[in-house]
Amino acid sequence: MVLGLVSFVNAFAEPLIMLDKQSYIEGDIIRISGKVQYEQGMFVLIQLRSQTDIVGIDQIFPSQSGSFSSTFEAEGPKWQQSGTYTVMVSYQGQTAEKSFQYTKPVRQEPVEENKQVQHTQPVKPKITIKGFPDIMQPPQHYYDRYDNEPEFKAWFDSIFAGHTIHEIVGYRHTHVAGFPDPQYSPQYYIERYTHEAAFQEWFDLQFPEKTIHDVVGVPEEVKVLVPSWVKQYARWWATNAIDDTQFASRISELIKQGIITLDSRIPVAGSTDNTIPNWFKNNARWYSDGHITEEDFLRGIEYLVENRIIII
């Protein structure tokens, strides 16, 4: 059932928000969808807020029709209080809100006689946002942006109020001085551990009870091949919003910057006057629509690089 529709107004209308239910309990999946007036290259920011804090964040590109959707799990250290929660959606400077009720069941703990009550200082939960920080980027990249880009600083401070940039994107301290180095990305260390036997042996001796994912702060099940926003470039090219030259140039830059990673054995030099084959445009369309995997999309890019259709 569609609930809580918000009407469009003005040139850039307020986002339309829809929730699948009016109330949720702990453990429920909250499904949020809606529509905005599409503007190329702009993402939708979705925030879930309790009466005192941000409990969930996501940022996603809408489709060309303006539709968007996301899900959140009503569970975790920030979902402790029953009450009214708010979904806030922002796009192109316009915002819209919708409230829902959340209930956390009260669990009665058995009381043991003569048991001493210990009071501990609550740990401040760490706010996370899907896709941020990017494991392909070193913490220093974000430190520099925070220090030198006022717009990024303002965005960060509004999203992660009460937290420092080092708390959100930095590595935790270890007993090994200077390791991990904030000049290197989490993916850099994961790749070294995976492919360098000497580094793996050193790491396992230093951290016998931890994995490389534990130390660099990346869940082991996360495997990032291509950031989600790269799908937008594939969609623009597949729908002729940008031409072959623009697409090839952009993909080349993403590979150079390490945002897209390919098989290191593929040659990255040469010259070409070839045109990107039509079958790969179909791949780009299918990838942007979620019909093929990131691995399939990357295999196509590897073919283009190997045959010097895209030059690095």
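The values are calculated or read from the model by the stated rules, or taken from the named source; none is laboratory data. Everything quoted here is computed from the prediction, not taken from an experiment. Neighbour counts are summed over all protein chains in view; Cβ atoms, including those assigned to glycine, are modelled from backbone coordinates with ideal geometry. Heads up: the accessible areas ignore ligands, DNA and RNA and are worked out on the full protein's heavy atoms, side chains in. Shrake-Rupley method; radii C 1.70, N 1.55, O 1.52, S 1.80 Å.
Worth pointing out:
- Count of the range 70-101 residues, restricted to those that are part of a strand (DSSP E or B) and among the acidic types (Asp, Glu), is 2.
- Of all the listed residues (143, 171, 102), the sole one being at pLDDT 90 or above, more than 30 Å from residue 27 (Cα to Cα) and surrounded by 14 or more Cβ atoms within 10 Å (Cβ to Cβ) is 143.
- Any hit, the range 210-220, residues being surrounded by 17 or more Cβ atoms within 10 Å (Cβ to Cβ), modelled with pLDDT under 80 and of a type outside the set (S, T, N, Q): yes
- Residues of the range 33-69 satisfying the condition of being farther than 18 Å from residue 99 by Cβ, touching a Pro at 6+ places or on another chain (Cβ under 8 Å) and assigned to a strand (DSSP E or B): 35, 44, 68
- Residue match in the range 117-132 (condition: open to solvent by less than 50 Å² (accessible area, probe 1.4 Å), outside any helix (DSSP H, G or I), modelled with pLDDT of 55 or more and under 19 Å from residue 43 (Cα atoms)): yes
- Some residue of the range 44-51 being modelled with pLDDT under 90, more than 30 Å from residue 191 (Cα to Cα) and loosely packed, with under 14 Cβ neighbours inside 10 Å: yes
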